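Asks: Attaching a single structure in structure tokens format; questions to follow.
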Amino acid sequence: MLSKYEVVIGLEVHAQLTTDTKIFCNCSTKFGNQPNSQTCPVCLGLPGALPVLNKKVVEYAIRTGLATDCRIAPRSIFARKNYFYPDLPKGYQISQFELPICEHGRLEIETGDGNRKTIGITRIHMEEDAGKLLHDSGEGSRVDLNRACTPLMEIVSEPDMRSADEAIAYLKKLHQIVVYLGVCDGNLEEGSFRCDANVSIRPWGQKEFGTRAELKNINSFRFIKQAIEYEVERQADILEEGGRIIQETRLFDTTSGTTRSMRGKEQAHDYRYFPDPDLVPVLVSAEWVEQSRKELPELPAAKIERFVQEYGIPRYDAEVLAAERATADYYDALVQLHGNGKLCSNWVMGELQRALNETNQNIAECPVPPQRLAGLLKRIDDNTISGKIAKQVFDAMWQSGQDADRIIEEQGLKQVTDLGAIEPIIDQILAANPGQVAEFRAGKDKLLGFFVGQAMKLTKGKANPAALNEILLKKLQQN
Ligand SMILES: [Zn+2]
């Protein structure tokens, strides 16, 4: 039934900016402190207090606009969005309406079938957040205004997405970019990156959009996907039964996985926007924009290309490594020190990632920094240790924080390449297994693996595999 309809999705993302202070006052934006400990007359909305714009907020909005190919407005305006709610002390939210700071951008996403698709970005504007109501104290509701006036960016997309998967691909890409830029910490649980989804469906071939429902304030990729999928089915069911979709705002219930109506169009707010008389227009010079453009960090898409071109690694590896900036920085540093792009990517994506997962640690502060790992890889290159022993050394480095060389020395892990040392061990093995020797000589080649295994066991894995094979074959083929 779903295949009768085309899905149309537009997204509005609220990203909290990582400035130390709020957008219009000097109060701290730190999360999780004592309620109402980070307030002042400005963010409490006391009469006579005047807002002063935090320049960093403008800088962060410009950066995000540039990273998403937006046009940066030379002049933009703050407006008052009027509504009444207990967490909004002024009775209005300062936002941008007619003249936002960024417009006409785009973001390229990869769709499930490996194709690329461009999603339009309508606008990005700056605004302040509201406070927070706490309902669980058991003594009625209370209001915490620490969050009031913290800076947000609202990033509004065109209705260009055609499935929940495309919506998720867009959100993940956008999330990656704001985190790379350092303008948002991307913490979904703390609400630093949250999303409203406008969802509608229409029969295939129909030009006009169907009536849309707005799904409010979802802060996990998984829930957004669930909410959209549920909503699409709900709307299709209504149309199939000959009903009509009503324009409304709906809330996603994470427990039941369903959406329910929060308010209909007739209750929709009339925000009575008008320019805020307390704030002058925001003027951004061409020089400022150019300076910001120069200071943009290398973004994931460019990094992936560079890793593939310069370090010669598969695109898959490059995508995994570039997904997080800290991982990409680590990998970059490691390749600079060691040189072999593929060996480095294998270790970062393999042993290092495994150890990070197991110990729940952050790569930026892990106990084996790039210099140490490069030291270990050098010992594989020069045949001091085998790749297998290297994993053992790596674990010891992780535990002790020591260099590879010291661990190899102290634990006596040096590979035995000396033929004179390996030979007597092989003689011993052949003497102890006359049956297998006879079978091998009768043509059962697969038994070579058995002898290699025995020799590795006796040398505790330290025998150089090439040397071992050579002597084994020589001895077995004698007689
Ligand atoms: Zn304040």
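Asks: In this structure, does Q361 turn out to be modelled with pLDDT of 85 or more, surrounded by fewer than 15 Cβ atoms within 10 Å (Cβ to Cβ) and part of a helix (DSSP H, G or I)?
Replies: Spelling it out, it is not the case that Q361 is modelled with pLDDT of 85 or more, surrounded by fewer than 15 Cβ atoms within 10 Å (Cβ to Cβ) and part of a helix (DSSP H, G or I).
Asks: Sort through K81, K4 and tell me the only one that's over 30 Å from E241 (Cα atoms) and either within 15 Å of the ligand (Cβ to nearest atom) or of a type in the set (D, E, K, R) (or both).
Replies: Going through K81, K4 in turn, just one is over 30 Å from E241 (Cα atoms) and either within 15 Å of the ligand (Cβ to nearest atom) or of a type in the set (D, E, K, R) (or both): K81.
Asks: If a residue has to be surrounded by 15 or more Cβ atoms within 10 Å (Cβ to Cβ), within 11 Å of the ligand (Cβ to nearest atom) and not aromatic (F, W, Y) to count, how many in the stretch 14-27 make the cut?
Replies: Result for the stretch 14-27: 5.
Asks: How many residues, within the stretch 3-36, are under 30 Å from E166 (Cβ atoms) and among the polar types (S, T, N, Q)?
Replies: 3
Asks: Hey, another quick one. Among the residues of the stretch 202-230, what is the count of those that are more than 22 Å from the chain's Cα centre (by Cα) and either assigned to a loop (DSSP other than H, G, I, E, B) or among the aliphatic types (A, V, I, L, M) (or both)?
Replies: Number of matching residues: 11.
Asks: Which residues, taken from the stretch 138-180, are part of a loop (DSSP other than H, G, I, E, B) and within 16 Å of the ligand (Cβ to nearest atom)? Write out each step before concluding.
Replies: Pass one, the stretch 138-180, residues part of a loop (DSSP other than H, G, I, E, B): 138-141, 145-150, 158-160, 162-163.
Scanning the stretch 138-180 gives L145, N146, R147, A148, C149, T150.
Asks: What are the pairs, 6+ residues apart or on separate chains, where a residue within the stretch 36-63 that is more than 27 Å from P100 (Cβ to Cβ) has its Cβ under 7 Å from a residue that is among the β-branched types (V, I, T) and within 13 Å of the ligand (Cβ to nearest atom)?
Replies: From residues that are more than 27 Å from P100 (Cβ to Cβ), there are no pairs.
Asks: Filter the stretch 28-56 for residues that are within 14 Å of the ligand (Cβ to nearest atom) and under 16 Å from L283 (Cα atoms) and give the result.
Replies: V52, L53, N54
Asks: Another question about this same structure. May I ask you to list the residues in the stretch 87-119 that are more than 20 Å from A302 (Cβ to Cβ), over 19 Å from the mean Cα position of the chain (by Cα) and of a type in the set (S, T, Y)?
Replies: Those that are more than 20 Å from A302 (Cβ to Cβ), over 19 Å from the mean Cα position of the chain (by Cα) and of a type in the set (S, T, Y): Y92, S95.
Asks: Any chance you could count how many residues in the stretch 50-86 are crowded, with 21+ Cβ neighbours inside 10 Å, among the aromatic types (F, W, Y) and more than 30 Å from the chain's Cα centre (by Cα)?
Replies: Number of matching residues: 1.
Asks: Residues that are under 14 Å from V156 (Cβ atoms), at least 2 per element: which strands (runs of 3 or more DSSP E) completely within the stretch 61-137 meet that?
Replies: Of the strands (runs of 3 or more DSSP E) lying wholly inside the stretch 61-137, those with at least 2 residues that are under 14 Å from V156 (Cβ atoms) span 92-96, 102-110, 116-128.
Asks: Answer yes or no: is there a residue in the stretch 233-249 that is in contact (Cβ under 8 Å) with a residue 24 or more places away in the chain, in contact with a His (Cβ under 9 Å, 6 or more places away or on another chain) and assigned to a strand (DSSP E or B).
Replies: no
Asks: So P203 fits all but one of (1) surrounded by fewer than 17 Cβ atoms within 10 Å (Cβ to Cβ); (2) free of Cβ contacts under 8 Å to residues at least 40 places away in the same chain; what number is the exception?
Replies: (2)
Asks: Suppose we filter Q336, Q291 for residues that are more than 30 Å from E59 (Cα to Cα), out of contact with any Ser or Thr (no Cβ under 6 Å at 6 or more places or on another chain) and either surrounded by 17 or more Cβ atoms within 10 Å (Cβ to Cβ) or of a type outside the set (D, E, K, R) (or both); which single one remains? Let's see the steps before the verdict.
Replies: Working: Q291 fails: more than 30 Å from E59 (Cα to Cα).
Step by step, each of Q336, Q291 is checked, and only Q336 is more than 30 Å from E59 (Cα to Cα), out of contact with any Ser or Thr (no Cβ under 6 Å at 6 or more places or on another chain) and either surrounded by 17 or more Cβ atoms within 10 Å (Cβ to Cβ) or of a type outside the set (D, E, K, R) (or both).
The values are calculated or read from the model by the stated rules, or taken from the named source; none is laboratory data. Every value quoted in this text rests on a predicted model; they were computed, and no experiment measured them. For neighbour counting, all protein chains shown are included, and Cβ atoms are generated from backbone atoms with ideal geometry for every residue, glycine included.
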